[in-house]
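Please read the structure below before turning to the comments.
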Amino acid sequence: MSKRTITPFMLFGVVWLAVVAVSWFFFPGWQTTPGGIWTLAGLSAVGVLAFLKGAVDYFKGFNEITNPSETKPISPVSPSNQIGAASQSGDGTNVIVQGGNVTILPSPHEKHEPHDTIGFIPPFKGETYVHRGKIEDDVRQFLKNGGTGAIVGLHAPGGLGKTELAKHAAEDLEADFKDGILWIDVGEKKPYQVVGDMLMKLGVQTQPGATFEQQKNELRHVLKEHCFLVILDDVRADALESLADYLPPKPCSALVTSRIQQIGGVQKTFPLDHMTPEQAKELLEAVLGEDVVNAEKEMAEKLAVRCAFNPLALEIAARRIRQLQGINKPIARYFEMAQARFRELKMEGDPRWNMEFVFDLSYNDLSAEDQKRFRALAVFAPTGFSPAAAAHLWGLDESGAGEVLSRFQNLSLILPVKGDFIRYRLHDLLDEYAEEKLKKDKKEEGEVFGRLVNWLVDLFKQNSQADLSNAPEVGLEFENLAKSANWLVASQNGDVLAELIYWSDNWLKMFNFYSDLLIWSKKAIGFGISKKEMEANVLQAIGDVQQFRKEMDAALE
């Protein structure tokens, strides 16, 4: 009710009592009619009750005007041009409009403390948590000792436990921040949405039609007056662009988790890596029990390697193995399935327990062009690839390819390979993930492998004389050569396989790849080689291998 008015029940009661009174005075027959007195009394009671009901509504409406509450209806609010800006309804109640969603803020008449409404720490996803060693201690110590704007970025590909580590750090440090924890799930939100969430959870009201700049200033002012530990979880590219706009000033501290490695504005970055073998064993024992793990100790160790010591993959495996308990050697049974198919690293019913879904979060953030480039990297062996090879696959010059590789490394999709030459490889388990993506389009797969074979043939042509002193980088490509040759075998392409064998022949012999050379050569002959000269070369390679084996056997005798 927006103003004080006579309610319909009050009006009805007055009119009704007036009619009863007129009937009493102008029609005295009621007084002598049997039951007449009681009839008038009943009619009078109806009028009195109606009036009292109206009076209650009247004073209730008056009380709403003088004592407004946040739960009463508010007049409709149209989204302003400043998306995410705070506005006011007709009765003064503050709201925040974000993408068409209206959020009611506490009434200005109520006393409100910011820490009463800040975000709670989300529940833990796993059944157990394994301490991550030095990095976890360093993160906590850094935040605790700082307490004055210490900003930390954790980066890693999906499933390595960034969020879980942040939850444990927040729980342990909550007592060190007098105003509590402000937890914000960032994800795909835009900067204005992040600022709007923070304002809402802090219970902060801004002026009607406030601009984004005004909202940021208000947020900084409030944070400066309090001591929060701010957790910005899963910061992605959109929110990262304006991260400095909502990182808290002193005396607050903040912990940023992200797959993106280069996080501007943070004081220190802690790279979260995979688990150690000891941590992996502890996790498996926590879910399966020590007796089960110790009964298949060697197989448990192999399983940890298969899971790339990824905490999420390991816990998925442990939960799946627990479903197999009662079967003889459950760890070995599950290992056979997981070894054969990457898709086995999942639990039904919840996509968060699915490594493919977790990796999709990073993959889907890429542009269509970058998704295609990422899929193409699946043709390389786990030993890695050179920037020149990637450039050839993508049809870019090395400068353009370098920009893409830098972007992929920043998104934790690829890792540098240790050594004397600049080389990269797909992040753990992502090689299988990318391979599954590539295999969905056989035409695309054939085109990418074809480009890799062409690059390898050109490389060996330019270095036909096997000499590591002049071309040491060639010796790093044998795993890629083997993968390409095996793909040509599967494709039954005798002509291209013969050409690859011919130009790499000297190198294969120098590194004693005689067995592979013999298998590929025989396969090429079996598939058929259209050029007689090339066929003769392959037959010569077979003869060389057979002669080598005779000499080896003679030497052994």
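Of the candidates M347, M299, M355, M337, the single residue that is open to solvent by less than 20 Å² (accessible area, probe 1.4 Å) and either out of contact with any Leu (no Cβ under 6 Å at 6 or more places or on another chain) or aliphatic (A, V, I, L, M) (or both) is M355.
Considering the stretch 216-235, the residues that are part of a loop (DSSP other than H, G, I, E, B) and touching a residue at least 60 places away in the same chain (Cβ under 8 Å) include one that is least open to solvent (accessible area, probe 1.4 Å), namely F228. Could you list, in sequence order, all residues of the stretch 286-312 that are within 19 Å of G133 (Cβ to Cβ), part of a helix (DSSP H, G or I) and either at pLDDT below 95 or touching a strand residue (DSSP E or B) at 6+ places or on another chain (Cβ under 9 Å) (or both)? Answer for the stretch 286-312, where residues must be within 19 Å of G133 (Cβ to Cβ), part of a helix (DSSP H, G or I) and either at pLDDT below 95 or touching a strand residue (DSSP E or B) at 6+ places or on another chain (Cβ under 9 Å) (or both): A286, P311, L312. Annotation note: of G187, G264, the sole residue that is on the phi > 0 side of the Ramachandran plot and either open to solvent by 10 Å² or more (accessible area, probe 1.4 Å) or under 17 Å from the mean Cα position of the chain (by Cα) (or both) is G187. On the stretch given as the stretch 508-557, residues that are outside any helix (DSSP H, G or I) and not acidic (D, E) total 7.
Of everything in the stretch 378-423 that is in a helix (DSSP H, G or I) and among the acidic types (D, E), the residue that is surrounded by the most Cβ atoms within 10 Å (Cβ to Cβ) is E398. Answer yes or no as to whether E369 is over 30 Å from D458 (Cα atoms) and surrounded by fewer than 20 Cβ atoms within 10 Å (Cβ to Cβ). Answer is no for this residue. For the stretch 310-331, give me each residue that is over 17 Å from R343 (Cβ atoms) and open to solvent by 50 Å² or more (accessible area, probe 1.4 Å). Correct list: R322, Q325, G326, I327, N328, K329. Counting only residues that are of a type outside the set (G, A, S) and in contact with a Leu (Cβ under 7 Å, 6 or more places away or on another chain), which one in the stretch 236-255 is surrounded by the most Cβ atoms within 10 Å (Cβ to Cβ)? Once the filter is applied, the top-ranked residue is L255.
Yes or no, residue by residue, for (1) farther than 25 Å from L314 by Cα; (2) of a type outside the set (K, R); (3) not in a loop (DSSP other than H, G, I, E, B):
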{"site": "G159", "(1), (2), (3)": "no, yes, no"}
{"site": "A169", "(1), (2), (3)": "no, yes, yes"}
{"site": "L173", "(1), (2), (3)": "yes, yes, yes"}
{"site": "K189", "(1), (2), (3)": "yes, no, no"}
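None of A466, A368, A471 is modelled with pLDDT of 95 or more and either more than 30 Å from L303 (Cβ to Cβ) or not β-branched (V, I, T) (or both) except A368. State whether one or more residues within the stretch 134-145 are crowded, with 20+ Cβ neighbours inside 10 Å and either at positive phi or outside any helix (DSSP H, G or I) (or both). Within the stretch 134-145, not a single residue is crowded, with 20+ Cβ neighbours inside 10 Å and either at positive phi or outside any helix (DSSP H, G or I) (or both).
Condition check ((1) over 20 Å from A156 (Cβ atoms); (2) out of contact with any Gly (no Cβ under 6 Å at 6 or more places or on another chain)) across all residues:
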residue: L312; (1), (2): no, no
residue: M337; (1), (2): yes, yes
residue: R343; (1), (2): yes, yes
residue: N354; (1), (2): no, yes
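Here is the figure for the stretch 201-215: residues that are buried (at least 20 other Cβ atoms within 10 Å of the Cβ) and at pLDDT 90 or above total 2.
For the structure I just gave you, tell me whether R375 is within 30 Å of W455 (Cα to Cα) and either over 21 Å from the mean Cα position of the chain (by Cα) or surrounded by 19 or more Cβ atoms within 10 Å (Cβ to Cβ) (or both). So R375 passes the test.
In the set A175, A156, only one residue is at pLDDT below 90 and open to solvent by 50 Å² or more (accessible area, probe 1.4 Å); that residue is A175.
For the stretch 482-510, the set of residues classified as open to solvent by 50 Å² or more (accessible area, probe 1.4 Å) and under 13 Å from S530 (Cβ atoms) consists of N493, D495, E499, listed by residue number. Taken over the stretch 513-524, the criterion of being surrounded by fewer than 17 Cβ atoms within 10 Å (Cβ to Cβ) and more than 45 Å from the chain's Cα centre (by Cα) is satisfied by K522 alone.
E435 meets all of the listed conditions (1) under 29 Å from H274 (Cα atoms); (2) open to solvent by 70 Å² or more (accessible area, probe 1.4 Å); (3) in a helix (DSSP H, G or I); (4) of a type in the set (D, E) but one, namely (2).
Could you check the stretch 463-475 and list, in sequence order, the residues that are under 23 Å from L377 (Cβ atoms) and either free of Cβ contacts under 8 Å to residues at least 24 places away in the same chain or open to solvent by 60 Å² or more (accessible area, probe 1.4 Å) (or both)? Matches in the stretch 463-475: E473 only. Here G196 meets the list (1) buried (at least 20 other Cβ atoms within 10 Å of the Cβ); (2) within 30 Å of F408 (Cβ to Cβ) almost entirely, failing just condition (2). When you check D505 against the structure, is it among the acidic types (D, E) and part of a helix (DSSP H, G or I), yes or no? Spelling it out, D505 is indeed among the acidic types (D, E) and part of a helix (DSSP H, G or I).
The values are calculated or read from the model by the stated rules, or taken from the named source; none is laboratory data. All of these numbers come straight from a predicted model, not from anything done at the bench. Reconstructed Cβ throughout: ideal geometry from the backbone, glycine too, with neighbour counts over all protein chains shown. To get the accessible areas, we keep the full protein, side chains included, count just its heavy atoms, and leave off ligands, DNA and RNA. Shrake-Rupley method; radii C 1.70, N 1.55, O 1.52, S 1.80 Å.
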